[in-house]
Each structure stands twice: as structure tokens, then as C-alpha cells.
1. For the range 42-67, how many residues meet the condition of being touching a residue at least 12 places away in the same chain (Cβ under 8 Å), open to solvent by 20 Å² or more (accessible area, probe 1.4 Å) and either acidic (Asp, Glu) or part of a loop (DSSP other than H, G, I, E, B) (or both)?
2. Which of the residues belonging to the range 68-104 are in a loop (DSSP other than H, G, I, E, B), open to solvent by 10 Å² or more (accessible area, probe 1.4 Å), closer than 30 Å to VAL292 by Cβ and in contact (Cβ under 8 Å) with a residue 40 or more places away in the chain?
3. Exactly one condition in (1) surrounded by fewer than 19 Cβ atoms within 10 Å (Cβ to Cβ); (2) closer than 14 Å to LEU112 by Cβ is not met by LEU154; state its number.
4. If you go through the range 200-209 one residue at a time, do you hit one that is touching an Asp or Glu at 6+ places or on another chain (Cβ under 9 Å), of a type in the set (Val, Ile, Thr), under 20 Å from ARG285 (Cα atoms) and in a helix (DSSP H, G or I)?
5. Kindly list, by first and then second residue, each pair from a residue in the range 272-294 that is in contact (Cβ under 8 Å) with a residue 12 or more places away in the chain and within 15 Å of ARG244 (Cβ to Cβ) to a residue that is of a type in the set (Phe, Trp, Tyr) and open to solvent by 10 Å² or more (accessible area, probe 1.4 Å), limited to pairs with Cβ atoms under 7 Å and residues at least 6 apart or on different chains.
6. Mind checking which residues of the range 224-234 are surrounded by 20 or more Cβ atoms within 10 Å (Cβ to Cβ) and in contact (Cβ under 8 Å) with a residue 60 or more places away in the chain?
7. Identify all residues within the range 210-223 that are in a helix (DSSP H, G or I) and open to solvent by less than 30 Å² (accessible area, probe 1.4 Å); write none if there are none.
8. Restricting to the range 131-143, and then to whatever is over 16 Å from ALA48 (Cβ atoms) and assigned to a helix (DSSP H, G or I), can you tell me which residue is most open to solvent (accessible area, probe 1.4 Å)?
Amino acid sequence: MTTPSPVPLPPASGAWREGDPPGRRRWHVRERPLALEAGGELPGLRLAFETWGRLAPDRRNAVLVLHALTGDSHAAGPAGPGHPTAGWWDALIGPGRALDTDRFFVVAPNVLGGCQGSTGPSSAGPSGRPWGGDFPFLTQRDQVAAEVGLADVLGVERWALVLGGSMGGMRALEWAVSHPERTDALLLIATTATASAEQIAWAGVQTHAIRSDPAWRDGHYHHTGTGPDAGLGQARRIAHVTYRSEPELQSRFGRAPQGAEDPWDGGRYQVESYLDHHAAKLVRRFDAGSYVVLSEAMNSHDVGRGRGGVHAALRRVRARTLVAAVDSDRLYPPSQQAELAAGITGADAPRVIESPYGHDGFLIETEQVAGLVRELLPAPPRPSEPPLPRPSARPTPSFLSQEHA
């Protein structure tokens, strides 16, 4: 049987709340309404964001890092007050790393509709109470429109690079299509031009699990003290199976029981315990309403909508572009990245991230991702130095420089 966790669950939601430690977050506040693609508007909004490095005087060294479904602005740095988990791309961001903060000004916003400081269902609405189920329908274009306001406030007229994987890749693509003049380079990883029927189906099963929880209350649960934890946990279990590969799960867990538990007598297999662990982790740091809003925004993703179709939309991209697939990804299969690379003028053939971890490979295989970043943001040439004197009788030495990827 399932062992209850000794860690108490959060009150109704794992969202960041006013009064919680801010951590490294800063906020961009937009006081004027944001018109939404589906109709209506948000009367105002806040975007939580984090930055590393400094904006250069010419303002040409800014990099925009966009997170996936359950990520947030904390792309780098340790866990601590205000940040329940360590940075999800920590190995990429920092001095001497691929996103070298001695050279680049790195910006990571928490997406509009999220729950770690940005306006979303857990935020106060016009009534002063949480939006809950009244939060409006969002699309990726709405989320990018909010991020444009952040870029303007930061003084970033053009990004040196916009990058993201999965949902973050959807927004990165929207940046390059909606604002080609503001996107110099583009890195799309494990993402797609349009959400497929299968992706919509998987997300629909997950949102159905949340809405089927009696504590969902049509999304109006934030003030009750109890939230749809069971539904959110079940959504995470379903999602996590799609994020990993079958060979990895088999090699890690096989049919082994969890400890002394007997699967024939109410106990669990190891793989079930693994999914329970990830469900419990998410419930403590995320909001069910945001999970629904962001999943539906991902389902709405179609870069060709209103633009004459996917191929016409992709031809708008002017950025130097790399597209990368994870070879074991069964949720965003490499064929989708091949379509992106074929449709974007000047994009090379898709790069392949080799990984046994499935879709999550874009978060785990950071050395391979770093190599892609360095292709788009090569290190500046070293300053020239006068040659050292050498005896004429000796052969001229040959030096080979190899950059770590």
C-alpha cells in the first residue's frame, strides 16, 4: 500500500504567494490591459523574472531563456527561500558556461498564467480574490505579448538569442515569428510548429484528471484551504510517463517491487513509487489552475494560425536558427523538429540530442545543449598576441584549440 508522505501538503496550492520569500525574483508590472487572442483582456499583469549578468551598453548581449510547462524563472541557482527547487538549466548559465554571464545578460521570465510570481489563476483578480476558474484562456501569443513588455522595460530591443524546449520552444518560435526584427538567433529544442492530436490528447487526459477531483470546485479552490492535490498528482504521473522513454523505465525499474511492498497485496512496483514521488513533488510547488491554463495554451499552439499556414509562418523567421530533437522523445518526436528545420529559411538540418531519457533529455543532457548554444553564440576571438621568438632550426609548432561542449 502507498505510504503517506510525512511532509504536509501546501494549503490549496503550491503557488508562490504574496508574503513568501521573493528569492531572486523581480517583477515587471503592466498596468494597462492586455488584449487576448481569444477575446477579452487582462486588466493588468505581473511577470516574475530573474536575470544574470549585465546588459551591455549597446544592448546587444541579451538572451531570453523560456521554460517548459512546470518550470519557472529560476533557471539557475540553488534551491532556497522562495525557490523550492534548484535552477532547471543551472549547468548552462553562469560565468564560463555556455550562457556566460560575464558576457551575456540572461533573462528568464515566469510565463504568464504560471504560478511562481506571475499573474495566473492563483493571483488576485479584479475582485481582490484569486482569479481561480475565472482566469481567461491564454495562447502562446498572449504570453509572448506579455514578455515583449518585459523586454521593453529592460531596454532590450533585440535578443542575441531566444531559446527554449518543449513549451518554452513554442514561445521561442512565436517570438521569432511575431517579432522577427527582435530575434537575432533562435534555438528550438524538442518542440513543434503545432500541437499534434496526440499531444492534445495527453494534455486533455491530464486536465480531465484535475477537473475530476472534487476539490477542483470549478477552479475556485484557492481560498478553501484544500486543493485538487489528487488530480494534480495524477496529471503529473500521466505526464511523466510521456516525458521519459520506455527503455529507460524498463532498465531502471523493470518489474521490481518497491522495497518490502507486495504488488499482489496492495503494494507498489518501483516504477509506481517513482511516479508517486514526482507527483508529490509537483503538488508542493505548483498550482492546479496554472497546470490547466498552461496545458490549454500548449494545446492551442499553431504558429500558422491566421498567418496563411505553418509554412508561411515559418518563412517569417529571420533569426539564425538551430533546431534540435531528442532521439528517444516519444512526446515530441523528431519528425516535428524536422518540419521546423525544413520550414525555416537558412536553418540547418536538425541536430540530434542523444539521450535515453526521452523528452526530458533537453533538461538532462546539458552538455549537448551547451554545444548547441555555443554554435549560435560562439566565443569571441582571443586578443592577438605577438609571436614568441623561436629558433629558426626548429619546426613551427601547431596548436589545436578545443572548446568544451
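1. Residues in the range 42-67 being touching a residue at least 12 places away in the same chain (Cβ under 8 Å), open to solvent by 20 Å² or more (accessible area, probe 1.4 Å) and either acidic (Asp, Glu) or part of a loop (DSSP other than H, G, I, E, B) (or both): 8 in total.
2. Selection gives ALA68, LEU69, THR70, GLY71, ASP72, GLY77, PRO81, GLY82, PRO84, THR85, TRP88.
3. (2)
4. Yes, there is a match, as at least one residue in the range 200-209 is touching an Asp or Glu at 6+ places or on another chain (Cβ under 9 Å), of a type in the set (Val, Ile, Thr), under 20 Å from ARG285 (Cα atoms) and in a helix (DSSP H, G or I).
5. Filtered contacts from the range 272-294: TYR274/PHE253.
6. Of everything in the range 224-234, those that are surrounded by 20 or more Cβ atoms within 10 Å (Cβ to Cβ) and in contact (Cβ under 8 Å) with a residue 60 or more places away in the chain turn out to be GLY227, PRO228, ASP229.
7. Selection gives ILE210, ALA215, TRP216, GLY219.
8. Going through the qualifying residues, I end up with ASP134.
The values are calculated or read from the model by the stated rules, or taken from the named source; none is laboratory data. All values reported here derive from a predicted model rather than from experimental measurement. Methodologically, a virtual Cβ is constructed for each residue, glycine included, from the backbone with ideal geometry; neighbour enumeration extends over all protein chains shown. Accessible surface areas use protein heavy atoms only, side chains included; no ligands, DNA or RNA. Shrake-Rupley method; radii C 1.70, N 1.55, O 1.52, S 1.80 Å.
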